[in-house]
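*Asks:* Sharing a structure with you now.
Read-outs: derived from the displayed coordinates by stated rules, not from any lab. What you see is a predicted model; the values in this text were computed from it and never measured. Quick reminder, even Gly has a Cβ in these numbers, built from the backbone with ideal geometry, and neighbours come from all protein chains shown.
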Protein chains: 2
Amino acid sequence: MNQNIVELFKANQIKNTTQRHRVIEYLIKCKEPVTAESIYIALFEDDAYEDKVNLSTVYRILDLFVKQSIVLRNSFGNEHKSTYEFNRREHKHHLICVKCNKVTSIKGCPLKAYEQDLGNQTHFKILEHRLEIFGVCPSCQERGN
Amino acid sequence: MNQNIVELFKANQIKNTTQRHRVIEYLIKCKEPVTAESIYIALFEDDAYEDKVNLSTVYRILDLFVKQSIVLRNSFGNEHKSTYEFNRREHKHHLICVKCNKVTSIKGCPLKAYEQDLGNQTHFKILEHRLEIFGVCPSCQERGN
DNA sequence: ATCGCAAATGCAAATCAATCGCATTTGCGA
DNA sequence: TCGCAAATGCGATTGATTTGCATTTGCGAT
């Protein structure tokens, strides 16, 4: 039982159940966004626990985590399924290789000043943005094509 | 029978069927991205034609148009359905109201110089990007909440 | 203009991600 | 330790999209 997770749940008024603990523990380990189904499979195959976590429970847990902002939900490219990642509270974007679909995180953000301008022009109250950049990664460039 | 559309199809080796003609004609009229279902309903309710276009046909037509790049497919926010828009070959982004989900197009792009830098830093060959900005539109701000 | 046939469409059934209803179980405060 | 609201499991359901197959249609060759 990871004490940091217990604290995280307490701070967000989230009841500490085995299933929630296992989901967030797994997400914290993941370096890139994952689907609900892949979380389900990972937990299913984890022999450290004999009980299996139900897929609908995974979805319910993810909804809760997203609502509490401890997890972020995305959907990349034209995929019509969501991916989830632990919210590390750092503003970042993703660089996606169009050949191999590898997702790389980019630190830093070029949009601060632009958002200010845009808010003034449109009278929207700007809250956040999502930026994905597509290209060909170095290894796919080497392999030609 | 719109001759521009006939030309567009010819240029893209797309067989000119009634259904395809009606779908692209409708998309060209739309100012903002629309779902497959709303295209289906719009064509269904159009009394200028007595034949109705099937929903699976709409999907098949959209897939073809996207493959040929005469139409762009998006999916905004965390909606798990796609929207489609005629590809006007102009680079633009979208501003989405988190309250009413209205989508507004933004002309211009703040990322030209940034992409150059990013390419140099990461050795990716940068191809394109997708930027969505979220906020609260003026009318929703007025209504409070 | 007509014919032939590959390609496109209609329709219904299937699939895939996500959600829901309800009976059972579990974590946590008294 | 007890009680109960909240969480989970499981199966059924929804909503978007896709597919299989029989029928129809557009277009090039005649």
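*Asks:* Tally Lys and Arg at +1 and Asp and Glu at -1 over the other residues with C-beta under 9 Å from the C-beta of B:Cys137: what net charge comes out?
*Replies:* Taking every other residue near B:Cys137 into account, the sum is +3.
*Asks:* At 7 Å along the Cα-to-beta-carbon direction for both B:Lys102 and A:His91, put a label point, then send me their distance in nm to one decimal.
*Replies:* 2.6
*Asks:* Between A:Gln116 and B:Asn12, what is the label-point separation in nm under the 7 Å Cα-to-beta-carbon projection?
*Replies:* Output for this residue pair reads 4.1 nm.
*Asks:* Please identify the GluC sites (Glu not before Pro) of the range B:41-106 that satisfy two criteria: DSSP loop assignment and at most 16 other Cβ atoms within 10 Å. Which are they?
*Replies:* Counting only loop positions with at most 16 other Cβ atoms within 10 Å, the GluC sites (Glu not before Pro) in the range B:41-106 are B:Glu50, B:Glu79, B:Glu90.
*Asks:* Just tell me how shielded B:116-125 is by partners: mean number of partner chain Cβ atoms within 10 Å of each residue's Cβ, no decimals.
*Replies:* Shielding by partners across B:116-125 averages 5.
*Asks:* What's the local net charge at B:Cys97, with K and R +1, D and E -1, over the other residues with C-beta under 14 Å away?
*Replies:* Result for the local shell: -1.
*Asks:* Right, another one. Just counting partner chain Cβ atoms within 10 Å, what average do the residues of peptide B:17-25 show around their Cβ?
*Replies:* 0
*Asks:* Rounded to two decimals, what ratio of Rg to Rh does the protein assembly as shown give with C-alpha atoms and a Kirkwood Rh?
*Replies:* Checking Rg against Rh, the ratio lands at 1.01.
*Asks:* So, one more: For chain B, which DSSP H helices look membrane-span-like by this rule: Cα extent along the axis of 15 Å or more and mean Kyte-Doolittle of at least -0.5?
*Replies:* Sorted by number, the helices that extend far enough and score high enough are B:55-67.
*Asks:* Over the whole of B:134-141, what's the average partner chain Cβ count within 10 Å per residue? Rounded to a whole number, please.
*Replies:* Numbers: counts 7, 11, 5, 4, 4, 1, 2, 3.
So the per-residue partner count for this stretch is 5.
*Asks:* Let me ask another. From the phi angles alone, apply the Karplus equation (6.51, -1.76, 1.60; θ = phi - 60°) to the range B:105-111 and give each ³J(HN,Hα) in whole Hz, x where the residue is Gly or Pro.
*Replies:* 7, 10, 8, x, 8, x, 10
*Asks:* At 222 nm, what value in deg cm²/dmol follows for chain B if DSSP H runs of at least 4 each add -39500 (n - 2.57) and the sum is divided by all its residues, to the nearest 500?
*Replies:* For chain B, the value works out to -12000 deg cm²/dmol.
*Asks:* Grab the beta carbon distance between B:Arg60 and B:Lys125, set R0 = 51 Å, and tell me the FRET efficiency rounded to 0.05. Before the final figure, lay out the partial values.
*Replies:* Values: r = 32 Å, r/R0 = 0.63.
Efficiency at R0 = 51 Å is approximately 0.95.
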